[in-house]
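Everything on this sheet refers to the single structure shown next.
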Amino acid sequence: MRDTDLPVRASALRGLSAIVSEVGGPGHELLAAYGFDEAKIAEGNSFVSVRLAERVLEEAAGRFALPDLGLRMAAQQDLHMLGPLAIAMENSRTIGEAVGCASRYLFVFSPAISLEEIEDPLGTPGMIGLRYASTTTNTSPQSIDYGIGIVHRVLKLVNGGAPYGLRSVQLPHARLATESAYQEYFGAEVRFECPSAVLRVPNQLCSVPVSGGNNLLRDIAIGYLQTHFGNSGAPISELVAASLSEQHGSDYPDLSKVARLLRLHPRSLQRSLSKEGTTFSGVVDRVRRTQALDLITTTDLSFSHIAAALGMHEQSSLTRAVRRWFDTSPSGLRRAGQKPKGHFPSTDS
């Protein structure tokens, strides 16, 4: 799968609309222009592509004069944006254990990012580095500020909200905002145009107890993570859905194409989906249903164009699918002018 097509949980964009609105910008409209649904962002259970998330951050920063947007985004997040990983981290026995948990399971939030302990980049005795990295080849600077800013914030939170001994910060890009903005956020020296994004901390930090940790909650959270994500990253069905939702028309992927994107054998992909109680055709049907609903009710595109956008060869295929999904015709759905009420029967099979 192309690195920029890898998914990140939609909760990563939580708060962006409010920040843009605070400076007089149309936050809601900005997200809508990229196809983001604020309700889904608030839920935090859906995924968006890393490419689009980075693009909207960079546009918002440039368009609304927010050079410190990444830091602002990090400052207003809480640990629970990380979902079940948050419970495991905040109930770890030590900060080192919390960092180790993040290193192992951060892919649950996004398989495109990682955190690992490394030797101190400056070789100072008694110091180590916590390196935040993205697999994308051209990671946006705002995303780097945001990502390592989140790591910094999480470390403070698991330390009871107190400073944790951060010595300095290294960032791989040129300075985006004022030095005072970085100093105020991190409370330490920040160096730019370094090889990678690293927080330099005392080695003894790893043995510091986590404030208020609960062993029972930790064991429950770790058990959940091991059961649901022990052998793969984000649920395979969600990765498949993220791949499909980014493609339209004749490029609509088939099983073999998606398997190549995910670096899986087609049969392995089918087995993984089966373990999650679905099939490739079921995920395709679910994604097409969502796309059809949006295109029919929110655009004036002809039904033939919509059918083509969904990878259907004939308009009649769209008509049959809409009838099965919504118990009405495409024209009837469009006349309704809104999403149908009530329960849509599951299409996974």
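All of (1) in contact with a Gly (Cβ under 8 Å, 6 or more places away or on another chain); (2) crowded, with 23+ Cβ neighbours inside 10 Å hold for residue 76 with one exception: (2). Please find, among 115, 122, 57, the residue that is over 23 Å from residue 213 (Cβ atoms) and under 17 Å from the mean Cα position of the chain (by Cα). Going through 115, 122, 57 in turn, just one is over 23 Å from residue 213 (Cβ atoms) and under 17 Å from the mean Cα position of the chain (by Cα): 57. Quick check on residue 164: is it at pLDDT 95 or above and either in contact with a Phe, Trp or Tyr (Cβ under 8 Å, 6 or more places away or on another chain) or part of a loop (DSSP other than H, G, I, E, B) (or both)? Yes: the conditions hold for residue 164. For segment 134-149, a residue qualifies if it is at pLDDT below 95 and β-branched (Val, Ile, Thr), and the qualifying residues are 135, 136, 137, 139. For segment 129-140, the set of residues classified as in contact with a helix residue (DSSP H, G or I) (Cβ under 8 Å, 6 or more places away or on another chain), outside any loop (DSSP other than H, G, I, E, B) and surrounded by fewer than 21 Cβ atoms within 10 Å (Cβ to Cβ) is empty.
Of the residues making up segment 185-201, those that are closer than 14 Å to residue 129 by Cβ, small (Gly, Ala, Ser) and touching a Leu at 6+ places or on another chain (Cβ under 7 Å) are 188, 197. The helices (runs of 4 or more DSSP H) found wholly in segment 280-330 and carrying at least 3 residues that are surrounded by fewer than 14 Cβ atoms within 10 Å (Cβ to Cβ) and more than 25 Å from the chain's Cα centre (by Cα) occupy 315-326.
Looking at the structure I just gave you, is residue 256 modelled with pLDDT of 80 or more, closer than 24 Å to residue 84 by Cα and either outside the structural domain of residue 307 (by TED's automatic domain parsing) or not aliphatic (A, V, I, L, M) (or both)? Taking the combined requirement at face value, the residue does not satisfy it. How many residues does segment 3-40 hold that are at pLDDT below 90, over 27 Å from residue 135 (Cβ atoms) and buried (at least 21 other Cβ atoms within 10 Å of the Cβ)? Residues meeting the conditions: 0.
The values are calculated or read from the model by the stated rules, or taken from the named source; none is laboratory data. None of the values given here were measured: they were computed from a predicted structure. Heads up, the Cβs are rebuilt from the backbone with ideal geometry, glycines too, and the neighbour counts pull from every protein chain shown.
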